[in-house]
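Okay, structure first, notes after.
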Amino acid sequence: SKAYSDTFELVHRREEDGPNAIWQADHTPLDILLVRPDSEPANPWLTAIVDDFSRALAGYFLSFENPSTLHTSLALRQGIWRKEDPRWIVCGIPDVLYTDHGSDFTSHHLEQVGADLKIRLIFSLPGKPRGRGRIERFFATVNEMFLCELDGYAPAGGAIRGKPTLTLAEFDAKLRTFFLEVYHRRECAETKMPPAERWEANGFLPRIPDS
């Protein structure tokens, strides 16, 4: 049945009508070695939340620890609330949060957050990650346009570039600059608009919680 569905199943390419209609969330271990507080090199995990309509980054969280409900919640909180950096305009409550079936996404905590903020939690079918292509593409962009230029870059099956020197805090500062100065301002191949520009087009007003 899996081989049949992979070959013949109809796949619909969804396109949302506006910003914050759907946010996609996922985690990935990054192909770079950073220096931990104990001076040992390790791969960090990136939790990211991306707006489906604009491809803009709403929020993210970096950690040496494995993904958890806490990491997802902190990334979601950052995504929803207004940012201190005026270059980062994405904010508001999404109508839908779309994820896979990971235990951190199906937790009671996120279920309560969804109920409190009126966010519909929708999960992809197990073993069929087709609807999560946009956040997978986002992770690939981070890899191809940013990580490959840094010391400590360690692609799967490849040689390490230079020697790992960056701490998590130093890497976070560089990563945020990449998101706001490069990724958000570069034209998306699919939408033909930069993500930040597409998110705020037509005077969009996001839904903001009281606190």
Query raised in the report: Filter the range 8-26 for residues that are among the charged types (D, E, K, R) and open to solvent by 20 Å² or more (accessible area, probe 1.4 Å); which is modelled with the lowest pLDDT?
Result: R13
Report summary line: Pairing a residue in the range 143-159 that is in contact (Cβ under 8 Å) with a residue 60 or more places away in the chain and surrounded by 10 or more Cβ atoms within 10 Å (Cβ to Cβ) with any residue that is assigned to a loop (DSSP other than H, G, I, E, B) and hydrophobic (A, V, I, L, M, F, W, C), where Cβ atoms lie under 6 Å and the two sit 6 or more apart in sequence or on different chains, gives G152/L33; A154/L33; A154/I160
Report summary line: Per the filter on the range 188-203, residues within 12 Å of S54 (Cα to Cα) and either surrounded by 12 or more Cβ atoms within 10 Å (Cβ to Cβ) or of a type in the set (G, A, S) (or both) are C188, A189, T191, M193, P194, P195, A196, E197, R198, W199, E200, A201
Query - Sole exception among (1) in a helix (DSSP H, G or I); (2) crowded, with 17+ Cβ neighbours inside 10 Å for E136, by number - result: (2)
Query raised in the report: Does L76 count as open to solvent by less than 40 Å² (accessible area, probe 1.4 Å), touching a Phe, Trp or Tyr at 6+ places or on another chain (Cβ under 7 Å) and either touching a residue at least 24 places away in the same chain (Cβ under 8 Å) or of a type in the set (K, R) (or both)?
Result: no
Query - Qualifying residue in the range 31-52 (condition: open to solvent by 10 Å² or more (accessible area, probe 1.4 Å), of a type in the set (S, T, Y) and free of Cβ contacts under 8 Å to residues at least 40 places away in the same chain) - result: yes
Report summary line: Screening T177, T106 for residues that are without any contact (Cβ under 8 Å) to a residue 60 or more places away in the chain, open to solvent by less than 100 Å² (accessible area, probe 1.4 Å) and either in a loop (DSSP other than H, G, I, E, B) or within 18 Å of T28 (Cα to Cα) (or both) leaves only T106
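The values are calculated or read from the model by the stated rules, or taken from the named source; none is laboratory data. As the structure is a computational prediction, the values presented were derived from the model and not from experiment. Glycine also receives a Cβ, built like all others from the backbone with ideal geometry; neighbour counts cover every protein chain displayed. The accessibility values were calculated without ligands, DNA or RNA, using every heavy atom of the protein model including side chains. Shrake-Rupley method; radii C 1.70, N 1.55, O 1.52, S 1.80 Å.
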